[in-house]
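Structure record follows, encoded as structure tokens.
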Amino acid sequence: MRIDPDKCNACGECLPYCPTEAISLGDETSTIDPDPCVECYVCLRSDVCPHEAFVAETLEWPRIIRHIFSSVRPVQSGSGLIDGRGTAEMKSNDVTDRYRFGEVGFTVDIGRPGLGATFADVETIAIAVARLGVVFEPTNPVTNLMTDTIAGSFPEDIKRERVLSCILEFKTDEAGCLAVIDTLRSVGDEIDTVFSVGCISRCRDDGTAPVADILDKAEVGYRPNGKVNIGVGWRYDDSGT
């Protein structure tokens with residue numbers, strides 16, 4: 001994204017709309033710093049500029065990653081339509097069986113709210129939990145960028161790219177749950193962003209969640225939350241049908 005200096009009069013109307021404060025107000029025109037800009041296009045889509053000075057430039061690899069993960073709308077990528085930072089199945093486990101009994105799923109939401117994150121930060125977190133033997137969700141868009149899903153590493157050319165936020169998804173067995181939490185606590189001191197953690201487990205027939213028992217016993221604070229699927233879902237058996 002850039003600002004056309006021939007149209008901009010530095011009115012400053014756009015400044016509150018940039019989530020990463022990448023827009024700077026000059027004497028005669030405003031400018032966008034390309035480093036913190038995550039190509040979310042909020043400034044353009046807000047239609048706040050009275051002179052239509054925002055210009056969406058053609059984004060090449062690897063900068064286009066910023067727009068794919070930061071846009072608030074579905075984005076067409078080389079591998080298809082990406083309509084979120086994670087996958088829908090992590091919120092509809094009741095019909096997809098992604099997390100089986102004895103397993104705990106994790107979501108690490110990196111960069112929110114509005115701070116952003118580089119993929120160097122994402123890699124630091126991914127490598128730390130990968131050492132514990134976690135399994136990264138193969139259909140997650142972040143996992144698809146990894147060069148090694150066992151090690152949790154990413155290609156060098158995207159590590160400097162900044163996104164508004166993205167989600168790591170992985171799972172481990174119940175015995176490894178607390179080790180993951182301890183590791184995430186430690187790695188927080190090594191990165192220059194924020195993240196939130198979600199723990200997911202399949203509920204028992206009585207509605208209780210095994211992961212809650214684990215967290216309660218370890219005196220780990222959490223906020224219970226649940227998603228109820230009231231629409232049509234598809235359940236897959238081991239044969240894939």
Output for region 160-187, where each listed residue is open to solvent by less than 60 Å² (accessible area, probe 1.4 Å), within 23 Å of Glu21 (Cα to Cα) and out of contact with any Gly (no Cβ under 9 Å at 6 or more places or on another chain)
Glu161
Do we have any residue at all in region 165-173 that's in contact with a Lys or Arg (Cβ under 7 Å, 6 or more places away or on another chain), modelled with pLDDT under 95, closer than 30 Å to Pro36 by Cβ and outside any strand (DSSP E or B)?
yes
Assess whether Thr139 counts as being open to solvent by 10 Å² or more (accessible area, probe 1.4 Å), of a type in the set (S, T, N, Q) and within 13 Å of the chain's Cα centre (by Cα).
no
Boolean, Arg45 is modelled with pLDDT under 95 and touching a Phe, Trp or Tyr at 6+ places or on another chain (Cβ under 7 Å)
no
Pairs, please: C-beta under 7 Å, at least 6 apart or cross-chain, first residue free of Cβ contacts under 8 Å to residues at least 24 places away in the same chain and in region 1-13, second open to solvent by less than 80 Å² (accessible area, probe 1.4 Å) and part of a loop (DSSP other than H, G, I, E, B)?
Ala10/Gly26; Ala10/Thr29
Checking Thr139 against (1) modelled with pLDDT of 95 or more; (2) out of contact with any Asp or Glu (no Cβ under 7 Å at 6 or more places or on another chain), the condition it does not meet
(1)
Any residue in region 36-47 that's farther than 7 Å from Met1 by Cβ: show its pairings with residues that are in a helix (DSSP H, G or I) at Cβ separation under 6 Å, as long as the two are six or more apart or on different chains.
Val38/Arg66; Val38/Ser70; Cys40/Ser70; Val42/Tyr17; Ser46/Tyr17
Neighbours by Cβ (under 9 Å, 6+ apart or cross-chain): first from region 112-131, touching a residue at least 24 places away in the same chain (Cβ under 8 Å) and farther than 14 Å from Phe154 by Cβ; second among the basic types (Lys, Arg) and open to solvent by 20 Å² or more (accessible area, probe 1.4 Å):
Gly116/Arg162
Going by the structure shown, is Gly133 over 14 Å from the mean Cα position of the chain (by Cα) and at pLDDT 70 or above?
yes
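Among the residues of region 28-44, are any farther than 15 Å from Val163 by Cα and loosely packed, with under 13 Cβ neighbours inside 10 Å?
Yes, region 28-44 has at least one match.
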Conditions (1) open to solvent by 30 Å² or more (accessible area, probe 1.4 Å); (2) assigned to a loop (DSSP other than H, G, I, E, B); number of the one not met by Asn144:
(2)
Single residue of region 147-159 satisfying the filter (open to solvent by less than 50 Å² (accessible area, probe 1.4 Å) and of a type in the set (A, V, I, L, M)) that is farthest from Val134 (Cα to Cα):
Ile158
Pairs needed: first member in region 198-209, assigned to a loop (DSSP other than H, G, I, E, B); second member anywhere, among the β-branched types (Val, Ile, Thr); C-beta distance under 9 Å; at least 6 residues apart or different chains.
Ser201/Val104; Ser201/Val211; Ser201/Ile214; Ala209/Ile200
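The values are calculated or read from the model by the stated rules, or taken from the named source; none is laboratory data. Please read these numbers as outputs of a predicted model, since none were measured by experiment. As a convention, Cβ positions derive from the backbone with ideal geometry for all residues, glycine included, and neighbour counts pool all protein chains shown. These accessible areas exclude ligands, DNA and RNA; they are computed on the full protein's heavy atoms, side chains included. Shrake-Rupley method; radii C 1.70, N 1.55, O 1.52, S 1.80 Å.
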